[in-house]
Each structure stands twice: as structure tokens, then as C-alpha cells.
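Have a look at the structure below before the remarks.
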Amino acid sequence: MYPTSDDRDVIAAPVNPPQHLAKRLLESRAAIEGERKQVTVLFADMKGSTSLIQDLDPEQVEERLRPTLQIMIDAVHRYEGTINRIEGDGIMALFGAPLAYEDSAVRAAYAALDMQNALRVASDTQPAIRVGLHAGEVLVRAINTDLSVDYDAIGATVHLAARMEQMATPGSIYCTADVVRLAEGLIEARPLGLVPVKGFREPLNLFEITGHTSARTRWEVAAARGLTQFVSRDAELAVLRETMRVASEGHGKLVGVVGEPGAGKSRLVHEVLHLPESSAWTVLRATTASYTRNTPYLAFSNLIRAWCEIPEQAPSDEADRRIRAKISALGEDLALALPAIQSLLDIPVKDAAWQSLEPAARRQRILAAAKNLILSAAAVRPLLLWFEDMQWTDAETRSLLEEIANGIETSHLLIVLTYRPEYTHKWAGKEYYREIQIDALPQAAADQLVRSVLGNDEANGQLRELIVQRTDGIPLFIEETIRSLVEGGVLRGRIGNYKLSRELHDIRIPETVQAVLASRIDRLIPAQRDLLQTASVIGADVQVTLLERIAGIDGHELRTLLADLQGSDFLYQVPNTTSFQFRFKHALTHEVAYGSLLSKTRRNLHGQIVRAIESQYRGNLAEMAESLTHHALAGELWEEALTYARQAGGKALELSAYHEARIFFEQALLALTHLPQDRARVQTGIDVRLGLRMIFGATTEYAALETYLREAEALAISIDDRPRLAAISVAQTFVHNWQGDLEASIQCGERGLEIARDIKDSRLALSASSFLGQAYMWRGNFRKSLALLQDNRSWTTGPLRLERIGTTGTSSVLWLGMLAASQAYIGDFADAEKTAQQACAIADEAGRPYDMALAHWYAGFVQAHQGNPPRALSLLEHGYHICRTARISFLIPVISTSLGHTYALAGRFDEGIELLTKAVEYSKSAKFPYGVAWSTVYLGFANLMAGRTQGVTEQAKDAIDLASSHHYRAVEASARRLMGDACQCSDRHETAEAYYLEALQIASDLGLRPEMAHCQNGLAQACFLLGRSSDGDRLRSAATALYSSLRMPAPPTDFTSAGGSAYRTS
């Protein structure tokens, strides 16, 4: 029918919204400008109508087709759909626009079923119809002309719904998987499999809707699917349980259970009804839907039908028989009660006296009969009436409940009503009334619920935190979010044991949740709704002065509307000493309100917000850099976005907030792509990429850093920028160091240093020297590292000492730390300790977490290397705590290695081995070969100290292979000594001697005096065990003298046996 049809323009008529909707549309800015909505689109037409009307004149055509068209129209209106087009012999209708519905797919499916059922009943001469449905996002807009208001929708959703109709066979309803998913449990659908659809590249999963299920509410569907754990409602459950006890003793009660959609109102009642004491009660439940609110007595008649056990399709005589039996069983006056109850249930009334009554008199008889029936039933057996979703009940059911409530206090009757905050009633203050408020779950309870579904696997920790944060403790939102992740293949497994199948950084709002929130928003009056959407562009936190600048309404009206939104639980006021501020009560409400705006509307508002902030914070824009970045990007103000993103990234870097810093710098690069690429902007692009080095160095994302450096190098070459090429070479030195390619690192570093000196750039020269010093140190060339670092240390006391000069942290802290470590390796412990203390002092002065963690690690390393565990532990534990708190991933394996080794030296073997094992795995996952080799050596020594010799030989071999292949000469010396110790413990003394000699040779070549002492000590024991006492005495004396000169404690070794005693600590 639309967008193409075989039968064209048989009858064509514009369809305008009802008058009340047209007025609302004209009052809404969003409706006029256009907005995005999640809807279900229905197309229906008569198949083959051309052959029926080809010989008829226009009036006969109208007469022939109008009855079928009217059946379609009536079905759509019954479920509050909007018919926005009648074209030819069919219609197009929207469910969920102009007003959003929580159940648009269900309404559309029910309307389609009613159409087909009505045509089957009407006449065999009526043409068969085919119906197509699809659910998704559309752009909707009200078009105001001089004579009318038209309302239309465009988008791929509309076209796919039309395709469903064109593919459907006469008398059938075709739909997509989206409709079936949204209406799951409420409709019956036959799978058609994957079917090619014209205009779509891939086949689509299609269904034929064949009927509806016995379930009428989402709660019934959820209960049938299986309920999640009931958490954190003990107090509410106790109140309802106590109220039930009081009512059972003859003091009837009416309880209102109030809460937002999905908070758990029905679940609370369900839990009470499954308590043992509930078995003594008769329980009757009435359900309603928002589209039935205008049907008189519907909720109550459904309840009576359930009580009398009348099947849904029962004939009138069967229903009448069951009603008579129920009334007679209670002893009620049948003649008085029966006509009223028959009328209530839409069963034909044959009583002549009833027919003669005036409508008002009939109404009074219905109220009295229903009240007496209920109270009589409660006198026989305690009776609980549960009315769900009272906000959707009809006015007559409400009147009937008020009538019953007037006689409830001396009965065994408990009436439980569940409803949303917008529902108003007259029972407040009544003795028999009790209200139970169902709030969102506290964070701990929400986490418990999420764990009960996902499981306790710590690998899901970040996902659990994200779900709790995004869903604001609303159980329905938690359950639907997890279900959507399972259906989307993001989670695999089963309840209580789900695993992530891929990395997840954000969660999309499930359509079911979006529908609930959009429906709430659309119930606001247009002015409130427009203001809420405008506020959503500012953010989850809404500064009123900004809102006033962009909303275009005066202050008094603004505050009135804000008070209304606060009263409706959309916003709440935030205590703030500097500004008048509101916050969205739920993060998802903020996202739905924002998502409903057109892109161009959002873009325009974001731009206005940038100008408003710039005006309001003139002279202090750096304070608002983060907010300005967000709004400038969304407003496509690219020049401003570049400026503010760089400022925001710099601020984040100062706080060691590396994840946030990366986001801002990458946003700066995004903004750059939208600007003309002159020389200045190319240089800016290089500088931003170089700035990312500090971030990726801390997060160990070196593959990403390499990519950015290659881009920067290509840009620098394109404009022949030598200074920046030198800076890139220095940055590459840093990357090569981490990756273990020390040859490439030294080449890049020396090239960068040469250019820096040539162009007389002292800052760049210092940066190059830092990373060159690190490369020399890791290679074991301490003479070069000391010459480079010691000879140029004067700057560390000058004005540059607090700056980052191409390093992740403060450059002087890294410089002095490496110098202290180099001094410790060669045994200059007095100088090493002073140098480390200077690094700590500068780190404290700078106040950056990264610097403090790094400085304390170097200071602790010096103490541990000299054999002073108590002093080392205090420094290393402090650095480790800072590192974990600030999430500085680069330093975790480094500090863990020194701390684990020191724990072992202090006799805390289990703690040390656990930490060292994690350090090895961490370094492996980060692809940090130096860290792997170094921590493996320390892990081996810790195992030997603990007397756990199994596997140490393999650890030593792995460390030797890795250290020698990457030229980590100092680590290789320790690894060979470890192998000597391992051989010694397994009585392979000659092999041990060979490894000790190799280790001693390397240590001697490098000038590593502490390592030489350890090697001599190991050799002495090997000689004694091999029967060469004179060699043993000589080596023991040499080791003791060297330990003494270095002020290192000599290990208390028993040279008469192999193994364990060599590793006992005091």
C-alpha cells in the first residue's frame, strides 16, 4: 500500500489527528521541528480490491470498501493508535506517536488481530486484508497547514512495515522479529524463517502473528519466564504481611503499593501471596491496560469473571450459569443481585424491571450489588483483591472500590492496589488505608540482584558496575538490560554463570525500558516536555542559569516548570553553594529525553550552550574545559572543540586520570579532521599525538601509541619539521624500551639527542637523555647510564624540576629514580639513598599520584637491593597503594615485583609469591619483556627461600633465555645465579658452579658489586660441597668482605649442606 501498491488511489483522504492531539502537537516545539520516536508501524490493505470495484462508480466504490476500511480504523482506535494515512484501499497507522506507549508493539498486534477477527465475523463478501508490522525508530513531525494538522513518520522502519504488508498473504499478519521480541509472551507468532525482503541486503527473520496468549501483563510474562532473586524488600514485605494478619482478624484494610514502573510493586505482592499464611485466603486479581481505561467497570468485571471461573470465550448462557451458582453459594438475594452482576459483565439481562430503570438507578444497583457480593464472600473466607496498575483503571471501577472501602473496616477483606506516583485517590488519612512506597534498590542491593543473574565471576566486575550505574536500581531495568545483552550475544551462558563474549564499554538502552520512559515523558504537558528535552542537552546535571539562557522562557515560568518536573520525579534539586542546579533523577530518563531530539536540534542547542558557558565563565574557561569540550563537539564547533579538548586532556593528565585524558586528546584529533590542514594545524596534530605518549606509557597500550607515532612521523616529514621529528624519535625510544628492542631504542634516542643538541633545544635533549638512560640501564650498561644521568642532574634542582618533559610523570622524578637505581646496582647505596630521597621530595611537591608511586618504588628498590626489608616495605607498600588507587597500570607489575621480592626477604613467602606470580602474568599480558624476565627471577628466588624448589629450574631457564635474547645483562646475571641456586638444591653442584661463574663474569663486567657478592657466596658453597674447601674459604672471605664494604647483611649460610639453609632469613 505504501510506499508502493498494486491498487492506487481508489479512495484517498488526508487523516488529521484528533482535535486534542492536534492542539498538543501545535503546542510542542519538538513535534513541529520533528523528533525521533520508537514506534510500531502498521500497514493494512485489501488484497485484490481492484477486481471487486472495476465496474462500479465512485459512490458504489465507497459503499463497497468503506465497511472494511472502517473495521481497520476502529481496530486501530481501540488500541489508541494514530491513523496518519488512508490511501487507496488501506491504512497506515502508528502506535507510539504522537504519544509514546510502553506496549506499542502489543497494541499494534492486538489491533491487527482484531481487524482479521472482525472481518471473519462480518461477512464472507468482505475482501480479505493483509497486515504488516515493524517496530523501530522513526522521525515524526506535525505539519501545520491553514486548514489542518497532518502528522507523518519517515524512516526505514516505515518502509519495512510496508514490505511486511506486501508480503503477507490475504487474511494474515506478517511482522519482523523486533515486533515479536517486544510483544514476547503476549502474542502467538509462527516463525517463517529467514526470508529475502525487497530493498534489504540480507534475509530477515519474519513471523506470522496468529493470536494472543493468556497473559495480559508484562508481570505475567516475567513470572512465566522465571523470576530473579527477591532482594532488599524485607521491610516492605513485613508491612504487607502484618496488614494481611490484621485483615484476617476482621479489620479489613486497603493497601496502596506505589512506585515507578519496574520498581517491583507486583513482585512484592507476589511474594506475599506465596507465604504459607496466604493459603487461607481467596485471592482475586484484576489487570488493566492503558488502552482500556475508558471501558466502564472493566477491571472489576475481569475480577468477577476470574472469581466465577468464566472462560474468556464462554457463551452467555454458560457465564450466566456460573454467576448464578456463585451468588447462590453466598446466600445472596438472587433476584436483586443477578441483573446488576449480569449488566456488569455485559451478559444479556432478561429482567424486565431492570430494563425499566433509569441509568443512574442502574448504576446505584450495580455498586450496591458488587459491594454486597464482595463483603459476603469475605465473610465466608478471607478475601484479597489485587488490582494491578490502578492508574489505568476506569472511573467506574474506582467508584466501586470507594464504595467497598466504606464497609471494609469490619470485614475480612484486604484490597491491594499497585499504582504509579501519578495516580491520585481519596483514601489518604483513612484509618483503614496503608501506603507502601517501593523505591529503587540501594546500590548494594542492586549489585546483589545483578550478581544473582550474571554470577560472581570477577571478570564481569566492570559490567556489573556499569549495569548498576546505568539502571539506577530499578529491578525491571536491570533484568531487561541483562536480557538484551544475552539476546544480543554479548553475554553467553546461563543464569548465575554468564560470560562476556566481547569487550563492552557501554550499554544500549533496551527498547522495552526506552518505551516505559518515553511513555512517562510524553504524558507531560508540551511545555514541561520541551523543557525536559532542552535540559537533557545540558547534561544529567542541569545548571538553571544555563537552562534559562537557552530555553527562551522567562525566569518565573522556568521555575514553575522546573517545580512541576521535580514534582513528577523527573528532576531533583541538588544542593550547591555556587549555582541553582537540578539533576535528572534517572540517567536513563536523561538519555531517552535527549535521544528523542533531532540531531540538528541537539546540535543547535549544544552550540548555544557553548556560547552561554563562554559568556558566564569569561576569564575562567579552563574550569569548564570538560563541559565545553562535550558541547563544542556535539555542536560541531570544531575550532572550539580542539582548544577545549586539549585543555581538558591536560587537566586530566595532571591528575593521572589517563583514561579520561586519552578520550579528550582523541577528541581533539577528531576535531582537527574537520578543520583546514595548514602547517599550524598539522603541527597541532603532531603535538596531540606526542601528548598521547604520556598516557599510553601509563596504560601500557603500546600498539596504539606506535600507530599514533607513525602518523605523527608522516605528518612531520610532510612539513619538514625537524624539532618534531626529534621529539618523535625520543617517543619511539620509550616504546622500544618497553617492547624490549634496546638496539632500536638506543638508535632512536641518540638520533633524537643529536637533533636536539643541533637545534639547541635543551628540553628535548633532557627528554632524549631520560629514555636513553633507561635503555642503558636495562641493558646493564650502568657506566653509560650513570654518565648520562649524573653529569646532567643539575637541572633537577632548577625551575624545570616540576615539569613533564615528554614523560608520563614529572621528568626529574624519573631521572633521579633511574639514577638511584643505577647507583644501587653498582653498590653506591649511600648516594642511591640520597638521590631517591630527592626524587620523593620532588614527587611530594608536584603532588601527582604517578610521581609519588614511582619515587617510592625507586626508594624501596634501593633499600631492598641493599638487603633492608623493613625500610623497603614501608616505601614499597605506600607506592603500591597509590598505584592501585590511581589505577596506574604501567607501574603495577614493576612495584609488585619489588614488593613481592621484599616480602620474601622478610619471610612473608606466601604474600611474596602471590604478588610475584601476578607480576609475571601482568607483564606477560602487557607484553613487557623486561618485566617478565625480572619478576620471573625474583619469583624463583622467593620459591627457593620458601623451600619450594619444584619448577624453579624452568623459571630460571625462561628468565635466562628472555634476558639474553633482549640483552638485559643485569637481569641475566641474576637469572644465571638463580639457576646456580636451583642446581645446588638438586645436588648438581658442578652445574651450579658453572652458572655461578657465568653470573659472576657478567656482574664483574658490568660492575654490579652486590650481584658479585651474591655470586661469590653461591660459589663458596658449591666449592665446599664439591670438596674444595680452600677455594670455598677464599670465596667466602671475598664475599664477606664485599658485603661488609657495601654495608649489606651477609646471608647466614650453612656451607655443609645444599639448598634450604642458604635461604633462611633472620
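Restricting the search to the range 376-394, which residues are hydroxyl-bearing (Ser, Thr, Tyr) and within 25 Å of Arg216 (Cβ to Cβ)? Matches in the range 376-394: Thr393 only. If the condition is being crowded, with 23+ Cβ neighbours inside 10 Å, farther than 25 Å from Val39 by Cα and aliphatic (A, V, I, L, M), then the range 499-545 contributes Ile538, Val542. With the requirement that a residue be surrounded by 13 or more Cβ atoms within 10 Å (Cβ to Cβ) and free of Cβ contacts under 8 Å to residues at least 24 places away in the same chain, what does the range 180-209 give you? Ala189, Leu192, listed by residue number. Against the numbered list (1) hydrophobic (A, V, I, L, M, F, W, C); (2) crowded, with 17+ Cβ neighbours inside 10 Å; (3) over 28 Å from His425 (Cα atoms), Trp219 comes up short only at (3). What do you reckon, is Ser896 at pLDDT 90 or above and under 34 Å from the mean Cα position of the chain (by Cα)? Here the answer is yes, as Ser896 does meet what is asked. Quick one: is Ala515 out of contact with any Leu (no Cβ under 9 Å at 6 or more places or on another chain) and in contact (Cβ under 8 Å) with a residue 12 or more places away in the chain? No; evaluated as a whole, the condition is false for this residue. Quick check on Met1048: is it part of a helix (DSSP H, G or I) and within 23 Å of Ala959 (Cβ to Cβ)? Here the answer is no, as Met1048 does not meet what is asked.
Given the residues Ala652, Ala648, Ala641, Ala632, which is the only one that is within 18 Å of Arg804 (Cα to Cα), surrounded by 24 or more Cβ atoms within 10 Å (Cβ to Cβ) and of a type outside the set (S, T, N, Q)?
Within the list Ala652, Ala648, Ala641, Ala632, the selection yields Ala648.
Counting the residues of the range 893-943 that are crowded, with 21+ Cβ neighbours inside 10 Å, under 27 Å from Ala703 (Cα atoms) and hydrophobic (A, V, I, L, M, F, W, C) gives 11. Look at (1) hydrophobic (A, V, I, L, M, F, W, C); (2) within 30 Å of Leu476 (Cα to Cα); (3) crowded, with 19+ Cβ neighbours inside 10 Å and you find that Val574 fails only one, number (3). In the range 979-996, the residues that are on the phi > 0 side of the Ramachandran plot reach residues that are modelled with pLDDT under 95 and of a type outside the set (Val, Ile, Thr) with C-beta atoms within less than 6 angstrom, at least six apart or across chains, in these pairs: Asp987/Ala1058. Apart from one condition, Ile436 fits all of (1) in contact (Cβ under 8 Å) with a residue 60 or more places away in the chain; (2) within 24 Å of Met244 (Cβ to Cβ); (3) among the β-branched types (Val, Ile, Thr); (4) part of a helix (DSSP H, G or I); the exception is (4). Among all residues of the range 308-320, there is none that is closer than 20 Å to Ala378 by Cβ, in the same structural domain as Tyr423 (by TED's automatic domain parsing) and in contact (Cβ under 8 Å) with a residue 24 or more places away in the chain. With respect to the numbered conditions (1) touching a strand residue (DSSP E or B) at 6+ places or on another chain (Cβ under 7 Å); (2) under 20 Å from Ala634 (Cβ atoms); (3) free of Cβ contacts under 8 Å to residues at least 12 places away in the same chain, which one is the sole condition not fulfilled by Gln573? It is condition (2) that Gln573 fails.
Comparison of Leu669, Leu709 shows that the only residue that is free of Cβ contacts under 8 Å to residues at least 40 places away in the same chain and under 26 Å from the mean Cα position of the chain (by Cα) is Leu669.
Conditions (1) surrounded by fewer than 23 Cβ atoms within 10 Å (Cβ to Cβ); (2) hydroxyl-bearing (Ser, Thr, Tyr), marked per residue:
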residue	(1), (2)
Arg976	no, no
Gln984	no, no
Ala992	no, no
Tyr995	no, yes
Glu998	yes, no
Asn1017	no, no
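Please go through the range 685-716 and pick out each residue that is among the polar types (S, T, N, Q) and surrounded by 19 or more Cβ atoms within 10 Å (Cβ to Cβ). Passing the criteria: Thr699, Thr700. So, in the range 682-732, of the ones that are modelled with pLDDT of 90 or more and not in a helix (DSSP H, G or I), which residue ends up nearest to Ile892 (Cα to Cα)? Top of the filtered list is Asp721.
Scanning the range 96-124 for residues that are over 16 Å from Asp74 (Cα atoms), crowded, with 20+ Cβ neighbours inside 10 Å and of a type in the set (D, E, K, R) yields a total of 2.
Being surrounded by 22 or more Cβ atoms within 10 Å (Cβ to Cβ) and in a helix (DSSP H, G or I) holds for only one residue in Ile888, Ile882, and it is Ile882. Only residues that are more than 19 Å from Ile895 (Cβ to Cβ) and in a loop (DSSP other than H, G, I, E, B) were counted in the range 919-974, giving 8. Counting only helices (runs of 4 or more DSSP H) wholly contained in the range 67-183, the ones carrying 1 or more residues that are at pLDDT below 95 and farther than 30 Å from Ala222 by Cα occupy 104-122, 156-167.
Here's the yes/no breakdown for (1) touching a Gly at 6+ places or on another chain (Cβ under 8 Å); (2) under 26 Å from Arg107 (Cβ atoms); (3) in a loop (DSSP other than H, G, I, E, B); (4) not basic (Lys, Arg):
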{"position": "Leu192", "(1), (2), (3), (4)": "no, yes, no, yes"}
{"position": "Leu206", "(1), (2), (3), (4)": "yes, yes, no, yes"}
{"position": "Ile209", "(1), (2), (3), (4)": "no, yes, no, yes"}
{"position": "Ala224", "(1), (2), (3), (4)": "yes, yes, no, yes"}
{"position": "Ala238", "(1), (2), (3), (4)": "no, no, no, yes"}
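Have a look at Asp569, Asp564 and point out the one that is over 21 Å from Ile609 (Cα atoms), at pLDDT 90 or above, surrounded by 14 or more Cβ atoms within 10 Å (Cβ to Cβ) and among the acidic types (Asp, Glu). If you could, list the steps in order and put the result at the bottom.
Numbers: Asp569 fails: at pLDDT 90 or above.
Checking each option against the conditions leaves just Asp564.
The values are calculated or read from the model by the stated rules, or taken from the named source; none is laboratory data. These figures come from a predicted structure and were not determined experimentally. Positions of Cβ are backbone-derived with ideal geometry, glycine not excepted, and every protein chain shown enters the neighbour counts.
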